[in-house]
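Input: a single structure, listed below in structure tokens.
The values are calculated or read from the model by the stated rules, or taken from the named source; none is laboratory data. Predicted model, so just to flag it, every value in this text is computed and none were measured. All Cβ positions, glycine included, derive from the backbone under ideal geometry; neighbour counts span all protein chains shown. To get the accessible areas, we keep the full protein, side chains included, count just its heavy atoms, and leave off ligands, DNA and RNA. Shrake-Rupley method; radii C 1.70, N 1.55, O 1.52, S 1.80 Å.
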Amino acid sequence: MPSLTLKLDRLEKLVGKELKIEDLEYDLQWIGLDVDDVNQEENEIKVEYDPNRPDYSSPEGIARSLKGYYQLETGLPEFQINEGTEKIKVNPKVRDIRPYVVGAIVRNIDLDEDQVGTLMNIQEALHWALGRDRKKVAIGIHDYDQVKGPYIYTTVKPEGVKFRPLHMEAYEMTPKEILEEHEMGIRYAHLLKDAREYPIIYDAEGKVVSLPPIINGTYTTVTEKTRNLLLDLTGTDFNAVNYSLNIIAATFADMGANLETIDVIYDDKPEEIIKVPDFTPQKMQVNINYINSYLGLKLSASDIIKCLNKVRLDASKTKDKHKMNVKIPAFRCDFMHEVDIVEEVAIGYGYQNLIPIVKEGGFGKYHPAEVFANKSRDIMIGAGHLEMVNSTLSSQKDYENLGLKFDEKEQIVLLNPVSEKFNTTRANLLVGLMKNLAFNRSAEKPFYLFEVGDILQLNKTRDVGASRELHLGAITLSERADYSQIKSLLDHYFRTLGVLDGIIVKPCSNPTFIEGRTGEIYYKKKKIGLVGEIYPQVILNFGLNYPVAAFEINLMPFFKDQEE
């Protein structure tokens with residue numbers, strides 16, 4: 001998890017209260033921080049925070065929460081922001097590259113060494129937590145007195161302009177040269193690899209302010225003499241860009257700076273002016289009974305309001321006595337569901353004040369799915385098969401290797417995958433078992449493998465848009481692997497469960513299996529799986545050169561029957 005070192009004297013100034021290291025070590029845990037290290041000699045305390053709380057990437061953000069915890073300030077934090085005159089005009093050409101830009105003017109700053117370190121830490125934290133290493137958000141901080149608005153956010157050809165980039169001030173370079181020769185250009189060139197033109201920000205005099213998400217121009221470099229700043233944030237996700245701006249702007253405000261808005265105007269929609277930063281709170285509605293059922297309490301609406309005020313949220317009653325309206329600070333990006341409000345109520349109430357009660361019948365036990373999964377494992381191990389445990393993440397290439405078409409409308413697609421090898425979730429266990437064979441193809445044959453695990457599928461009826469099923473998959477590789485062998489294993493499994501008489505296998509066609517040597521498995525007239533010999537081209541796709549046979553079945557109907 002990301003970490004931050006807090007200096008006691010600075011935190012005292014921000015909170016407005018005398019603090020002791022010993023007290024902080026206890027108190028910080030109750031606002032969602034883990035104490036990693038305490039340095040009594042230096043009066044410092046190192047904390048770790050969850051990545052979903054990037055507003056905790058600065059002492060200012062933590063001080064806001066501590067003020068609520070100590071009830072020095074409660075409710076929504078208030079920030080003074082003045083209406084500015086600056087504008088950023090956005091050319092439609094950026095739409096397919098980095099379509100969003102926001103910014104702010106920060107006046108009258110006088111940063112000390114600690115505050116400069118804070119800004120660097122915030123930039124780094126936001127680039128990772130919300131920016132996905134600058135893919136979704138890139139942040140630029142400039143000396144405002146060196147530029148002149150209005151600013152133009154547009155695109156430029158790879159060799160369409162020359163300017164002096166930071167850290168290579170002695171050279172005028174084109175964007176193409178920067179991506180090929182500059183340290184930051186080489187590091188982030190992949191973000192622009194498919195672009196014919198690159199995003200760029202000019203000031204009114206045509207000077208290059210920034211080449212996002214790569215590097216700033218050198219003439220806007222922030223120095224110890226800088227007193228006014230221009231912030232620019234560009235990206236591919238407006239919410240991420242906007243949250244990042246609000247976090248930085250709130251931090252500057254807590255440092256004593258004055259904030260001014262910037263008007264963002266898209267050339268193709270000149271009538272729609274986006275004024276940023278915008279500290280308008282988010283709004284959610286929450287059910288009082290839902291909160292109490294989660295926490296095991298009997299809090300009134302007034303009690304809940306006090307708890308939420310303590311964690312720097314606002315809440316109010318509605319005409320419906322069972323519901324409340326909640327206002328969330330514009331710099332908080334970790335609210336997705338009603339249960340997130342429940343967590344804040346628990347923090348405001350104090351986890352340490354919750355009394356553990358074991359209700360009748362409240363002792364834990366295995367979920368029926370896990371009980372049945374373990375039973376299936378015992379059967380397969382008894383049949384001489386070795387269990388595999390594979391990742392639920394997969395790739396489009398894996399689907400294609402199985403001879404299947406990957407339809408983005410029918411499959412789950414990850415928005416920000418770590419790599420192309422993990423850009424979707426598995427819809428079957430077979431792909432993982434085939435990869436197990438491929439990874440071990442030089443080992444001694446034969447292979448008898450199985451896996452019991454979840455697969456994920458799109459499901460519009462679920463609030464999360466997807467559902468999971470418990471599956472059993474088995475695979476064999478040897479010179480003698482064929483339909484008869486794998487069907488015998490399948491029959492053994494069902495016979496041991498005592499349901500073999502209810503199983504029917506019907507011939508079918510499937511691109512993963514050999515025509516005429518595969519079948520669909522039915523239980524109580526419902527299709528639950530496939531069994532057969534793997535198609536030769538599929539075997540070759542995974543780099544194998546022995547016959548392979550496999551089956552995969554959905555276990556959900558079986559343990560549900562046992563529950564009934």
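Side notes on the structure shown:
- GLY131 vs. criteria modelled with pLDDT under 95, in a loop (DSSP other than H, G, I, E, B) and out of contact with any Lys or Arg (no Cβ under 9 Å at 6 or more places or on another chain): yes
- Among all positions in the range 59-72, there is no residue which is in contact with a Gly (Cβ under 6 Å, 6 or more places away or on another chain), of a type outside the set (A, V, I, L, M, F, W, C) and open to solvent by less than 40 Å² (accessible area, probe 1.4 Å).
- Residue selected from the range 404-433 under the condition more than 18 Å from ALA466 (Cβ to Cβ), in contact with a strand residue (DSSP E or B) (Cβ under 7 Å, 6 or more places away or on another chain) and hydrophobic (A, V, I, L, M, F, W, C), by the criterion most open to solvent (accessible area, probe 1.4 Å): LEU430
- Looking only at the range 283-312, residues that are in contact (Cβ under 8 Å) with a residue 40 or more places away in the chain, open to solvent by less than 30 Å² (accessible area, probe 1.4 Å) and farther than 19 Å from LEU354 by Cβ come to 1 in all.
- Selection count, the range 486-502, where residues are in contact with a strand residue (DSSP E or B) (Cβ under 8 Å, 6 or more places away or on another chain) and at pLDDT below 95: 2
- Hits in the range 135-145 - residues which are of a type outside the set (Lys, Arg) and part of a loop (DSSP other than H, G, I, E, B): none
- Among (1) open to solvent by 20 Å² or more (accessible area, probe 1.4 Å); (2) more than 35 Å from the chain's Cα centre (by Cα), the one test that MET173 misses: (1)
- Boolean, GLU224 is surrounded by fewer than 13 Cβ atoms within 10 Å (Cβ to Cβ) and of a type in the set (Asp, Glu): yes
- Among the residues listed as ASP110, ASP143, the single one being touching a residue at least 24 places away in the same chain (Cβ under 8 Å) and open to solvent by less than 30 Å² (accessible area, probe 1.4 Å): ASP143
- Meets criteria (modelled with pLDDT under 90 and under 29 Å from LYS136 (Cα atoms)) for PHE363: no
- Looking across the range 515-546, the residues that are within 15 Å of ILE475 (Cβ to Cβ) and buried (at least 19 other Cβ atoms within 10 Å of the Cβ) come down to THR518, GLY529, LEU530, VAL531, GLY532, GLU533, ILE534, TYR535, VAL538, ILE539, PHE542.
- When the range 447-463 is filtered for residues that are part of a loop (DSSP other than H, G, I, E, B) and open to solvent by 60 Å² or more (accessible area, probe 1.4 Å), the ones remaining, listed by number, are LYS460, THR461, ARG462, ASP463.
- Cβ-Cβ distances below 6 Å connect the following pairs, each with a first residue in the range 64-88 that is more than 30 Å from ASP267 (Cβ to Cβ), a second residue that is of a type in the set (S, T, N, Q), and a separation of six or more residues or different chains: GLY68/THR74; THR74/ASN309; GLY75/ASN309.
- Residue in the range 73-84 that is surrounded by the fewest Cβ atoms within 10 Å (Cβ to Cβ), counting only those that are touching a strand residue (DSSP E or B) at 6+ places or on another chain (Cβ under 9 Å) and not polar (S, T, N, Q): GLU83
- Helices (runs of 4 or more DSSP H) (entirely within the range 146-262) containing at least 3 residues that are at pLDDT 95 or above and closer than 30 Å to ASN82 by Cβ: 238-254
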